[in-house]
1. Want the number for Lys123 to Arg245: 0.36 nm per residue separation, take away the alpha-carbon distance, what's left?
2. How big is the Kirkwood radius of segment 223-336, worked out from every pair of different alpha carbons and given in Å to one decimal?
3. Can you show me the helix-derived [θ] at 222 nm for the chain, built from DSSP H runs with n ≥ 4 at -39,500 (n - 2.57) apiece and divided by the number of residues, rounded to the nearest 500.
4. Taking the chain on its own, what percent of its Cα-Cα pair distances exceed 30 Å?
5. With springs connecting C-alpha atoms under 10 Å apart, model the chain as a Gaussian network and identify which of Ser243, Ser314, Ser135 has the largest mean-square fluctuation.
6. Please arrange Met283, Met247, Met114 by how many other C-beta atoms lie within 10 Å of their C-beta, fewest to most.
7. Counting other Cβ atoms within 10 Å, which trypsin sites (Lys or Arg not before Pro) in segment 128-183 have at most 13 and lie in a DSSP loop?
8. So what's the angle, to the nearest 10 degrees on a 0 to 90 scale, between helix 109-121 and the longest Cα principal axis of the chain?
Amino acid sequence: MEMDNVAVASQIRPANLESFIGQRQIVKNLNVYLEAALIRDEPLDHIVFYGPPGLGKTTLARILADTQKANFHSISAPNLQRPGDIAKIVTSLGKKDILFIDEIHRLPAPVEEMLYTVMEDRKIEITLSEGMASSPVQIDLPPFTIVGATTRLGALSSPLRDRFGIQFALDYYDMEELVAIILRSAQIWNISMEEVTALEIARRSRGTPRIANHLLRRIWDFAIVENKNNHNIHLDNVLVDQSCRKMGIDPNGITQREIRMMKSIAEDHHGGPVGLKPLASLMSEDMINLEESIEPYLVRIGLIRRTPRGRVLSEKGFQYLGIQPFAGLFRVEETQ
Ligand code: ADP
């Protein structure tokens, strides 16, 4: 039977905290808070998870709902346009339900204000209008939990942030954890592979489970198509390397667009510093894209640096490109 992406993703989503790999401190504490909530027969306090995309924020929120045998409701903050939108959702929730609000730093102000009383007093004031008269009524809400997720905790207003009794920062995963995640997914998808090959994929996964799973799936696509008549395909390091090259992903998980950015700084701007704006226009890239999706990984692994005067290619960055960092005088060598 053909499965869509959602079905494929839900197969590998850990169903409980025991099968959630990594983020050990968070998992440990969540277990305590869950147990305490159970003993007190109260809902969990409101929780905010923050960290880069693909690290497991949504997965953890789902696990919290499943563990408490409660419902999981998910909404993205930009879709909550009016206070009425949030009123409609919270009045339909049940005891211990989890309301997951993704990108919570992007809540429109009137919605955010309404959320304050929802979170603090578990009440909501709505205005009923009948004919000419309209009167505000206060409704008690069931004891549910709001789980917010954001990539930028700093972008949250402090009144909102303070209303989350539990705050967790998710970290990038180390190689060992990524290998475990990849082997687990491989087992679920019936992909035959050794640990050394899982490590090759982990190296290209940028510390991120979502990328690890996507890579595994895509490499498997290449393997299946190239071995059509073979029913016992074994994924090996050569297959990983070849398919990643075809996808434009290098052995460190760096993509072609990221390499272009480094080359532009090196070759068009003598290694920088160069402002994001001229860089973006030269590369015909959107400035936001450059800042939010292309440069962060390069900054994280130290290939480029952000300085007050602009972006600079680091020595490691020059080394990566095989270019000598002498001002104005470049010796370009083959990178492969
Ligand atoms: P986020 O909400 O932080 O963007 P998700 O929860 O959507 O991330 O996770 C992205 C993908 O990675 C999902 O398919 C999920 O199953 C998988 N994943 C995330 N964390 C883990 C983990 N610790 N163990 C196994 N799989 C994980």
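Every number in this text was worked out from the coordinates using simple rules, so none of it is lab data. Given the structure is predicted, the values throughout are model-derived calculations rather than measurements. Every residue, glycine among them, receives a Cβ derived from its backbone with ideal geometry; neighbour counts consider all protein chains shown.
1. Fully extending the segment from Lys123 to Arg245 adds 38.4 nm.
2. 15.6
3. Taking each H run of at least 4 residues, the total per residue is -12500 deg cm²/dmol.
4. 50
5. Largest GNM mean-square fluctuation: Ser135.
6. Final ranking by Cβ density, sparse to dense: Met247, Met283, Met114.
7. Filter output for segment 128-183: Arg152.
8. 60
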